[in-house]
Amino acid sequence: MDDLSGPPRSEPTDDPGLAGRIAVWDAEAAAYDDPADHGLRDPAVRAAWSALLLPLLPSAPARVAELGCGTATLSALIAAAGHRVDAVDFSPAMLERARAKVAGLPGSPVRVLAGDAAHPPLTADSYDVVLCRHVLWALPDPVAVLRRWTALLRPGGVLVLVEGSWSTGAGITGAECVALAEAADLEPAHTPLVDPALWGREISDDRYLVVARPRRSVAKQRESGESR
Ligand SMILES: C[S@@+](CC[C@H](N)C(=O)[O-])C[C@H]1O[C@@H](n2cnc3c(N)ncnc32)[C@H](O)[C@@H]1O
C-alpha cells in the first residue's frame, strides 16, 4: 500500500499547523540529500551510519518503521542490510524522492507511505524498531507521540531516536529528549554522536542517539533474568 498521491492517510490530526509544515518540507526536498549526513553519498559517512544503526537492529529480516523518513536514505540503508521497512512522511515532494530511492532495491523491502508521523498509519504491535531521525523535536506533544510510537512495537522492540540541539537554535537537547522518553514510560539510553564521520565534518553542537525501551518490557526482561 504505497499510494503517494493526495493528502496523508493517517488518523485525523490535532495539529492545526500541519499544512504549513508540509509546505516547508516540500520546499526542502530538492536539496535535502546534499548535506553529507542526509544523502549519505560519501561512502565513509554512509559506513558510519551503518555502523551506528545496524547493530541496534535484531537479525534480518527485522521489521522497522521509519517515521519522518524524508528521502528515505536511512530506510534504504537498513533495507540493504536485509530488513523490511515501512517509511512514513507527510511531504509529497520528500515521498516522491523516497520512492525513487528505494525503487531499485531487490525484493521491494521498503514501503513508502504518506502520513503524519505523529499519528502513524501503521499497525500496532508490528515492529522490532521504530526509527526516527531529526523529527521528534518538531512534533507537537512529543510525549503523546512517543506513546503512539511505543504502541507500534512488538514485545522486545525498541525506539531508536536520533536528535539534536543544533547551532541553528532548532532541536531538543539530549537531556530534554531523555526526559520526554521517561515521561512516556520508556527507559532511554543516551549516546552523544560526536564522531565527525557521521556528519562529514567536525560538529560542536549537541547531537545524540537515544535508544528507548518500553519500561514494561525492561521490567519483564529483568524478572525473567532473576527467575533463572
Ligand atoms: C530533517 S528531515 C529528516 C528526514 C529523515 N528522517 C533523515 O534523517 O534523513 C524531517 C522530515 O520529517 C518530515 N516530517 C516532519 N514532520 C512530520 C510529520 N508530522 N509527519 C510526517 N513527516 C514529517 C519532513 O517532511 C521531513 O521529510
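Annotation: of all residues in region 170-228 being under 23 Å from residue 46 (Cα atoms) and among the hydroxyl-bearing types (Ser, Thr, Tyr), the one that is modelled with the lowest pLDDT is 204.
For region 149-168, the candidate set comprises residues that are in contact with a strand residue (DSSP E or B) (Cβ under 7 Å, 6 or more places away or on another chain) and not in a strand (DSSP E or B); within that set, the residue that is surrounded by the most Cβ atoms within 10 Å (Cβ to Cβ) is 149. Does residue 201 qualify as being of a type in the set (Lys, Arg) and either farther than 21 Å from residue 34 by Cα or surrounded by fewer than 13 Cβ atoms within 10 Å (Cβ to Cβ) (or both)? Against the criterion (of a type in the set (Lys, Arg) and either farther than 21 Å from residue 34 by Cα or surrounded by fewer than 13 Cβ atoms within 10 Å (Cβ to Cβ) (or both)), residue 201 qualifies. Count of region 55-74 residues, restricted to those that are more than 9 Å from the ligand (Cβ to nearest atom) and within 20 Å of residue 108 (Cβ to Cβ), is 7.
Mind listing whichever residues of region 115-148 are away from the ligand (no atom under 11 Å from the Cβ) and either part of a strand (DSSP E or B) or within 13 Å of the chain's Cα centre (by Cα) (or both)? Hits for region 115-148 are 127, 128, 129, 130, 146. What residue, among those in region 169-202 that are in a loop (DSSP other than H, G, I, E, B) and without any contact (Cβ under 8 Å) to a residue 24 or more places away in the chain, is nearest to the chain's Cα centre (by Cα)? Result: 194.
If a residue has to be closer than 27 Å to residue 140 by Cα and of a type in the set (Asp, Glu) to count, how many in region 177-226 make the cut? Going through region 177-226 one residue at a time, the tally reaches 5. Only one of the listed residues (95, 67) is surrounded by 24 or more Cβ atoms within 10 Å (Cβ to Cβ) and under 23 Å from residue 143 (Cβ atoms). That residue is 67.
The values are calculated or read from the model by the stated rules, or taken from the named source; none is laboratory data. Note that this is a predicted model, so its numbers are computed, not measured. When we count neighbours, we look across all protein chains shown, and the Cβ atoms used for this are built from the backbone with ideal geometry, even at glycine.
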